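Down below is the structure, laid out as structure tokens.
The values are calculated or read from the model by the stated rules, or taken from the named source; none is laboratory data. Remember, predicted model here, so these are calculated numbers, not experimental data. Glycine also receives a Cβ, built like all others from the backbone with ideal geometry; neighbour counts cover every protein chain displayed. Just the protein is used for accessible areas: all its heavy atoms, side chains included, with ligands, DNA and RNA removed. Shrake-Rupley method; radii C 1.70, N 1.55, O 1.52, S 1.80 Å.
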Amino acid sequence: MTGVVVIGAGPAGLAAAEQALRAGAEVTVLDEAEEPGGQYHRMLPRAYAARHPERLQTGWRAFDRRQRRVREHPRCTFTARTRVWALEPRADRAPLVHVLRGAADSAGGRAVLEPEALVLATGAHDRVLPFPGWDLPGVFTAGAAQALAKGERVLVGDRVVVCGTGPFLLPVAASLLEAGGRVLTVLEANPAATLLRGWTARGRELLPQAGKAAELAGYAACLLRHRTPYRTGRAVVAARGEGRVEEVVIARLRPDWSPVPGTERVLPADAVCAGHGFSPRLELPVAAGCALDRGEFVLVDAEQRTSSPCVYAAGEITGIAGAPAAAAEGAVAGWVAGGGDPAAITRLLRRRDRGRAFAARLARAHPIGSGWPDWLRPETVLCRCEGTDYRTLCRALEDPARDAARAVRLGTRAGLGPCQGRICDPTVAELTARRGGEVSMAHNRPIAQPIRLADLAGPPEKERNS
Amino acid sequence: MSPRMVPAAADRAGRTDRPLSITVDGAPVSGIEGQSIAGVLLGAGRLSWRRGPSGPRGVFCGIGACFDCLVTVNGEPDVRACRRAAVDGDTVLTQERA
Ligand SMILES: Cc1cc2nc3c(=O)[nH]c(=O)nc-3n(C[C@H](O)[C@H](O)[C@H](O)COP(=O)(O)OP(=O)(O)OC[C@H]3O[C@@H](n4cnc5c(N)ncnc54)[C@H](O)[C@@H]3O)c2cc1C
Ligand code: FES
């Protein structure tokens, strides 16, 4: 019997666990959160004793059945509140999995797992492009606002502007409205023409994602009901206020996202929720030695195998396409990792392929325009941790004597703070590339999660697979 | 207006709140069982509790990626408030205190 460890209990990880169990494997699922579900099927804390959790999310019942099936399976061990802080590659075998158990960032119990096969399903976090004032309190990522509303019932503000690009802005706005907030407007930076071109090309591909389309239509109806306008070709180009957001500056954008001069308009607001797509959480795949696809996502073959022996990857770390696509990938990864015969899952493989086609469509409809740096000011912060501003980055890049990567890291300290570049790396890499330099996004964070020295000093408990 | 908690009576999810209390820089702050420390602080109307290099910081990413929300909990520094569940009686120190 194969011992499979799945890291992440979001749509991808749970589907992987379910299929690995079906293939006959012994499965351990690890997640740092208190409950399974990941970002999409975010569960309310158990202590809330919610009588109607299904009212807060689409597809809750099917998800709940799946998570119970997995957790209650005799061959499954599900451990919540468990952070994987490092992976240790081994020749020809799956890497060792180093975990910390207990409350987040606490001195917890340290353990090492020795899987025979490893499925990585760690998901993504929001990507947010910087704009003047994006470091003011009251600016949140779109995902944070969503997580707080859906997962904790906390509303980030009362007069909120949602902005960025992608269909994800719709459920975010809908959740804020549902929680009793006022969403002044939802601003999609891409013009309607780009959206149309991206979404309507090869319409047949979209049919299998009809469920997703219905879900989006539901959010759109919610916006209409609340008279919240959805506007394309517009963005928040600045947030302003004394110690917190008090107003935002909105501008019309050209198709390349450069602001059209003279179209700026000031709107009083107390919160901004911004999302310009997602950044995959790649530190564990990189630590496992997995090759990346153009430096961006984990490279997988037709059966979700990575370039590392016995390591599989699924969900947003291999491409951004939403929960159904992540689950489809997870199902394939779990089945194959668990020792199942790929010939027996043609339906799952087809579903996975359609998910990938959806990802390509999403990327076409919601690209990031090249003109966004026009809304930066010299003093605009790029790295939130170290306070590096745009002026400092430009100066470092102008120095011909230094190679870009070192100049940027050491000269500006961008990416060297507590988040280790998780938030600013894509921005710095893009701005550097524009000036002819090259900064690789290393995603090379051997310590994937903070660990205290005292924990490191003590011996770990050794476990086979659970 | 400030951030706030959806009132239990108006919550479609039908929650049953069990109150808890933590102290933040010595002052009592109430929340409910199950909330994160960031949730308790936001629910109490607080948007920021840390000083970053360019100004005050609170929650940004909400899922443990940005490290903007760090606090000290029961003497343990650098705890991500958005990831740590609040426990009745927790002593929280912000990095904005005088
Ligand atoms: C904050 C946020 C909120 C979102 N909300 C929605 C939404 O409401 N609707 C929607 O359509 N899409 C939402 N998305 C998009 C979402 O990413 C995907 O659609 C979907 O959830 C991806 O599934 P996944 O399984 O690939 O990853 P995820 O759902 O992200 O699951 C990954 C899991 O891995 C765990 N994990 C990561 N690293 C570690 C580690 N080192 N150790 C242990 N566990 C780890 C995480 O705790 C998480 O549970 C959201 C994204 C974000 C960032
Ligand atoms: S808000 Fe980003 S780590 Fe807590």
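Would you mind telling me which residue in B:27, B:38, B:85 has the biggest mean-square fluctuation in a Gaussian network model of chain B, where springs connect alpha carbons within a distance under 10 angstrom?
Taking springs between Cα atoms under 10 Å, the residue moving most is B:27.
Please report the spacing between the Cα centers of the stretch A:28-93 and the stretch B:1-75 in Å, no decimals.
Computed from Cα coordinates, the inter-centre distance equals 23 Å.
DSSP loop trypsin sites (Lys or Arg not before Pro) in the stretch A:227-332 with at most 14 other Cβ atoms within 10 Å of their Cβ, which ones? All intermediate terms of the calculation are to be shown ahead of the outcome.
Working: sites: A:227, A:231, A:234, A:240, A:244, A:252, A:265, A:281, A:294, A:305; in loops: A:227, A:244, A:281, A:294.
Answer in residue order: A:227, A:294.
Write down, largest first, the equivalent ellipsoid semi-axes of the stretch A:80-133 in whole Å, where each equals the square root of 5 times an eigenvalue of the alpha-carbon gyration tensor.
For the stretch A:80-133, the semi-axes come out at 28, 18, 9 Å.
Expressed in whole Å with the largest first, what are the equivalent ellipsoid semi-axes of the protein assembly as shown derived from the C-alpha gyration tensor as the square root of 5 times each eigenvalue?
Values: eigenvalues 215, 154, 137 Å².
Taking √(5λ) for each eigenvalue gives 33, 28, 26 Å, largest first.
Roll a 1.4 Å probe over the protein heavy atoms and report the accessible area of residue A:125 in Å², nearest 10.
Probe radius 1.4 Å; accessible area of residue A:125 about 10 Å².
Determine, from the Cβ-Cβ distance of residue A:196 and residue A:73 and an R0 of 41 Å, the FRET efficiency 1/(1 + (r/R0)^6), rounded to the nearest 0.05.
Numbers: r = 45 Å, r/R0 = 1.10.
FRET efficiency, residue A:196 to residue A:73: 0.35.
Obtain the nm distance between the two label points defined at residue A:62 and residue A:379 by a simple spin-label model: each point lies 7 Å from its Cα along the Cα-to-C-beta direction.
5.2 nm
Please identify the trypsin sites (Lys or Arg not before Pro) of the stretch A:1-63 that satisfy two criteria: DSSP loop assignment and at most 13 other Cβ atoms within 10 Å. Which are they?
Passing both the DSSP loop test and the Cβ count: A:51.
At 4 °C and 1.567 mPa s, what whole-number value in µm²/s does Stokes-Einstein give for the translational diffusion of the stretch A:43-109, with Rh from the Kirkwood sum over Cα pairs?
The diffusion coefficient I find is 86 µm²/s.
How much accessible surface does residue A:76 have with a 1.4 Å probe, in Å² rounded to 10?
About 20 Å², ignoring ligands and nucleic acids.
If Lys and Arg each add +1 and Asp and Glu each add -1, what is the summed charge of the other residues whose beta carbon sits under 10 Å from the beta carbon of residue A:8? Don't jump to the answer; show the numbers that get you there.
On the way: positive: A:281; negative: A:31, A:32, A:316.
Around residue A:8, the surrounding residues sum to -2.
Which percent of Cα-Cα pairs in chain B sits in each 10 Å bin, short to long?
17, 50, 27, 6, 0
Can you pull the mean other chain C-beta count within 10 Å for peptide A:118-128?
2
Cβ under 11 Å from residue A:345's Cβ, residue A:345 left aside: what net charge do those residues give with Lys, Arg +1 and Asp, Glu -1?
Net of charged neighbours comes to +3.
State the antiparallel share, in %, of DSSP beta bridges confined to the stretch A:27-107, rounding to the nearest 5.
Counting DSSP beta bridges with both partners in the stretch A:27-107, the antiparallel share is about 65 percent.
Return the residues of the stretch B:61-98 for which accessible area with all protein chains present is lower than in the chain on its own by 50 Å² or more; set the probe to 1.4 Å and exclude ligands, DNA and RNA.
Relative to the lone chain, where solvent access is computed with a 1.4 Å probe, the stretch B:61-98 loses at least 50 Å² at B:63, B:65, B:67, B:76, B:80, B:83, B:84.
Once you sort the root eigenvalues of the Cα gyration tensor of the stretch A:288-344 as a ≥ b ≥ c, which label holds: rounded (a/c under 1.5), prolate (a/b larger than b/c) or oblate (the other case)?
Judged from the Cα gyration tensor, the stretch A:288-344 comes out oblate (a/c at least 1.5, b/c at or above a/b).
At a Förster distance of 22 Å, what's the computed FRET efficiency of residue A:356 paired with residue A:307, Cβ-Cβ distance as r, to 0.05?
Details: r = 18 Å, r/R0 = 0.82.
That gives a FRET efficiency of 0.75.
For an R0 of 25 angstrom, estimate the FRET efficiency from the Cβ-Cβ distance between residue A:265 and residue A:394 and round to the nearest 0.05.
Between residue A:265 and residue A:394 the formula returns 0.30.
Please report the antiparallel percentage of the DSSP beta bridges confined to the protein assembly as shown, to the nearest 5.
Taking every DSSP beta bridge within the protein assembly as shown, about 55 percent pair in antiparallel fashion.
Tell me the net charge near residue A:389. Cut-off is 12 Å between Cβ atoms, residue A:389 excluded, with +1 for each Lys or Arg and -1 for each Asp or Glu.
Residues near residue A:389 contribute +2 overall.
Considering only protein heavy atoms and a 1.4 Å probe, what is the carbon-and-sulfur percentage of the accessible area of the protein assembly as shown?
53 percent
Can you report the principal axis dimensions of the stretch A:184-301 using only the alpha carbons, biggest first, rounded to whole angstrom?
49, 38, 26
Over both sides of the B-A contact, add up the buried accessible area with a 1.4 Å probe and give it to the nearest 100 Å².
Counting both chains, the buried surface is close to 4400 Å².
Kindly list the residues of the stretch A:26-67 that lie in the label zone of residue B:87, defined by a backbone N under 13 Å from the point 7 Å along the Cα-to-C-beta vector.
none
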